[in-house]
Amino acid sequence: MVNQVQVKNVYRNFGAVKAVDGVSIEIKKGEFFSLLGPSGCGKTTLLRLIAGFETPNFGEILIDSKSMKDVEPNLRPTNMVFQNYAIFPHLNVEENVAYGLRKKKLSKDEKLEMINKSLNLVGLSGLNNRSSNALSGGQKQRVALARALILKPKVLLLDEPLSALDKKLREQMQSELRHLQRAVGITFILVTHDQEEALTMSDKVAVMFDGKVEQIASPRELYEKPISQRVASFIGAMNFINGKVIKDDKKIIFETKIFGKLSLSKKQISGKNQNGKLTLGIRPELVSIRSLKATSKELMMGTIKDISYFGETTYYKISCDKSNELLTVSSQNSFGQISFKVGEQVKFKIDIESVVGFFD
Amino acid sequence: MSRASKYLKIFAYTYLIFLYAPALLLPIFSFNSSQIISFPLTGFTTYWFERLLYQETLHEAFKNSMIVAISSSILATTLGVLASRSSTRYNFTGKQISLTFILAPLVLPEIIVGVSLLTVLIQLGLSLNLWSVVLGHTLLIMPFSILIMNSAFNNLDISLEEASMDLGENQIGTFFRIILPLVFPGIMASLLIGFTLSLDEFIIAFFLTGTETTLPVYIWSLFRFPKELPTTMALGTLLLIVSLILLSLSEYFRRRSALSKDSILN
């Protein structure tokens, strides 16, 4: 597939602050791409650079292989859904949606057909004459979408579009946005600080910290094989356990207090061995708890220190007999499952094939 | 606490009485049948108001005042819109200083402004006519206009402008389709305040007017004729009513422009 948006080594400073600090990204046509990071990481600035509201200090942005240098926002093949929706308060729903059609040479009937079609697309049929002040947050969001999509942009930019909605509506809009994107086939670039949102909606996610892109990967890869401790702890929960390398060969053998000697394949490990220290990363669901009766070589002894019940999942904190480090463990609650109590002695094991390691 | 608020209440009422009681005398004496302005009242009449209809110099002064008030309020509002747009949206060197100078007439004694304008105009060899009054009044109204427009522009969410640009509209289109409609209440408030200020203004008009007098200057000249005093009172009553209506209207528009931000954020 073709790259539709290319960000080539782009820098943008605000005074001494390096908001975007040498970012390169390629986004394929029809992809749902997310820029994920904590607030202040430069993701919104990057989106505004693509929209044309900011100018790079250095570097270049191309859309369909055409440089966007000196192209004003109104002439770019992009449209944006703003964080606060930016619905024009003096215009009604229909006038808002039709705002960008003025310069297109269309008859009144053609325009009305387009308006109704795009209102239908976002589920607002029949609200043409509703005043924009009488809209709920979710409806404003849909008007903003309809207003942008009616112009058939090559790229739709979304700046934290769901952050102002309550949880239930947000989840509903997440799946609607995803369906909408598949239906229209337009490239979507979404800015979000919500890792769950990025994972559930995107084809690809770029994780940003301090103006730099740390990792670009599919949601699954990002979760299962984060390339740094920062990415790992930003996306989901992870246990970090310090270890010391014993042998650095085809396989890496290292020692931790809890688990003793372990070996990982090089594919499981990110970074370069600098000082022989390695951090083991274990997602909570990669640890499984057994009762004391269970027998297997790999099982280790531990004590349950804390239990948090979340409905479909229960989180345990386990202290290990060999070390006082606490492991966070999650377990799906299913029918017939044994439940444990605080203070109970248990056995547990980790899925060593799926854990990751980081050299610092 | 309650005692303090009681004294504050008394203070507030005394203040209001001192401020507005003299103005209430205007309508009272303008309907009084005696030529002499004093209590007790002698009887009710509308004669003084009828007399206003036959004073040709008054009509001339009224026309002049209208020309000056309309021109200067439009001029000051236009300049005010431009100035506060640039001061609220852009940063440039000398912004603070130039704003301070534009706002200076708010605190400068009008007589100083009047005398210095007169000196400058005469030095430049310009003749005094209605347009010199328009210039003086524009100078005087500008601060009010800028303060009103500043709050209107500050309430304007910048993402609305960006959204307009993003939807394919250029700068000029965005100004006319988004910015202007949204600051329109502010513009109305500024026009009405400017009109009222100019209509009532005496000192600058007195210095800068040539042979064509404005209404306040005409009223002042009437004081030389004691028998015209009740007529003047009648005229004053009418001016008071017009001013009150204009000010209420302008306050209505100003509040609407201040409210518009809340409706955007909802």
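The values are calculated or read from the model by the stated rules, or taken from the named source; none is laboratory data. In this text, all values refer to a predicted model and were calculated from it rather than measured experimentally. So basically every Cβ, Gly included, is an ideal-geometry build from the backbone, and we count neighbours across all protein chains shown. Keep in mind that these areas ignore ligands, DNA and RNA; they rest on the heavy atoms of the full protein, side chains included. Shrake-Rupley method; radii C 1.70, N 1.55, O 1.52, S 1.80 Å.
Observations on the model:
- Selection status of residue B:21, over 29 Å from residue B:199 (Cβ atoms), among the aliphatic types (A, V, I, L, M) and open to solvent by 30 Å² or more (accessible area, probe 1.4 Å): no
- Helices (runs of 4 or more DSSP H) (entirely within segment A:9-127) containing at least 2 residues that are assigned by TED's automatic domain parsing to the domain that holds residue A:198 and touching a Pro at 6+ places or on another chain (Cβ under 7 Å): A:43-51
- The requirement of being in a helix (DSSP H, G or I) and open to solvent by 90 Å² or more (accessible area, probe 1.4 Å) is fulfilled nowhere in segment B:25-45; no residue meets it.
- Just one of the numbered conditions (1) open to solvent by 10 Å² or more (accessible area, probe 1.4 Å); (2) outside any helix (DSSP H, G or I); (3) within 11 Å of another protein chain (Cβ to nearest Cβ) is not true of residue B:210: (3).
- Count of residues meeting criterion [part of a helix (DSSP H, G or I) and in contact (Cβ under 8 Å) with a residue 60 or more places away in the chain] in segment B:50-65: 9
- Candidate set: segment B:155-197, residues that are open to solvent by 20 Å² or more (accessible area, probe 1.4 Å) and not in a helix (DSSP H, G or I); chosen: the one farthest from residue A:153 (Cα to Cα): B:155
- Unmet requirement for residue B:128, which otherwise passes all of (1) among the hydrophobic types (A, V, I, L, M, F, W, C); (2) away from chain A (no Cβ under 14 Å); (3) assigned to a helix (DSSP H, G or I): (3)
- The condition of being in contact with a His (Cβ under 8 Å, 6 or more places away or on another chain) and within 14 Å of chain A (Cβ to nearest Cβ) holds for only one of B:167, B:156, B:160, B:182, that being B:182.
- Test: residue A:198 is open to solvent by 60 Å² or more (accessible area, probe 1.4 Å), small (Gly, Ala, Ser), in contact (Cβ under 8 Å) with a residue 60 or more places away in the chain and part of a helix (DSSP H, G or I): no
- Residues within segment A:338-360 that are open to solvent by less than 70 Å² (accessible area, probe 1.4 Å) and in contact with a strand residue (DSSP E or B) (Cβ under 8 Å, 6 or more places away or on another chain), tallied: 15
- Taken together, A:82, A:88 contain a single residue that is touching a residue at least 12 places away in the same chain (Cβ under 8 Å), within 19 Å of residue B:178 (Cβ to Cβ), touching a strand residue (DSSP E or B) at 6+ places or on another chain (Cβ under 9 Å) and within 9 Å of another protein chain (Cβ to nearest Cβ), which is A:82.
- Matching residues in segment A:302-325 - criterion: being at pLDDT below 85 and closer than 15 Å to residue A:344 by Cα: A:320, A:321
- Residue B:234 meets each of the listed conditions (1) at pLDDT below 90; (2) in contact with a Pro (Cβ under 8 Å, 6 or more places away or on another chain) apart from (2).
- If only residues of segment A:1-16 that are out of contact with any strand residue (DSSP E or B) (no Cβ under 9 Å at 6 or more places or on another chain) and at pLDDT below 90 are counted, the one that is least open to solvent (accessible area, probe 1.4 Å) is A:15.
- Residue in segment A:287-309 that is under 17 Å from the mean Cα position of the chain (by Cα) and either surrounded by fewer than 18 Cβ atoms within 10 Å (Cβ to Cβ) or among the aliphatic types (A, V, I, L, M) (or both) present: no
- Within the option set A:152, A:212, A:204, being surrounded by fewer than 19 Cβ atoms within 10 Å (Cβ to Cβ) and either more than 23 Å from residue A:79 (Cα to Cα) or in contact with a strand residue (DSSP E or B) (Cβ under 6 Å, 6 or more places away or on another chain) (or both) holds for one residue only, A:212.
- Test: residue in segment A:34-52 that is open to solvent by less than 20 Å² (accessible area, probe 1.4 Å), more than 14 Å from chain B (Cβ to nearest Cβ) and modelled with pLDDT under 90: no
- Test for residue A:186: is it of a type in the set (Val, Ile, Thr), within 23 Å of residue A:84 (Cα to Cα), in contact (Cβ under 8 Å) with a residue 24 or more places away in the chain and assigned by TED's automatic domain parsing to the domain that holds residue A:40: yes
- Listed by position, the strands (runs of 3 or more DSSP E) contained in segment A:262-334 that have at least 3 residues being of a type in the set (Val, Ile, Thr) and farther than 29 Å from residue A:359 by Cβ are A:300-309.
- Restricting attention to segment A:322-337, the residues that are loosely packed, with under 15 Cβ neighbours inside 10 Å and touching a Lys or Arg at 6+ places or on another chain (Cβ under 7 Å) add up to 2.
- The residue of segment A:56-74 that is surrounded by the most Cβ atoms within 10 Å (Cβ to Cβ), among those that are more than 8 Å from chain B (Cβ to nearest Cβ) and free of Cβ contacts under 8 Å to residues at least 40 places away in the same chain, is A:68.
Residue-by-condition table, conditions (1) within 14 Å of another protein chain (Cβ to nearest Cβ); (2) open to solvent by less than 30 Å² (accessible area, probe 1.4 Å); (3) without any contact (Cβ under 8 Å) to a residue 24 or more places away in the chain:
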| site | (1), (2), (3) |
| --- | --- |
| B:204 | no, yes, no |
| B:220 | no, no, yes |
| B:240 | no, no, no |
| B:244 | no, no, yes |
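- Residues in segment A:93-125 that are closer than 21 Å to residue B:162 by Cβ, within 14 Å of chain B (Cβ to nearest Cβ) and either crowded, with 17+ Cβ neighbours inside 10 Å or at pLDDT 90 or above (or both): 8 in all.
For every residue, the table says whether it meets (1) farther than 21 Å from residue A:223 by Cα; (2) touching a residue at least 40 places away in the same chain (Cβ under 8 Å).
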site: A:259; (1), (2): yes, yes
site: A:273; (1), (2): yes, yes
site: A:277; (1), (2): yes, yes
site: A:286; (1), (2): no, yes
site: A:291; (1), (2): yes, yes
site: A:296; (1), (2): yes, yes
site: A:318; (1), (2): yes, no
site: A:336; (1), (2): yes, no
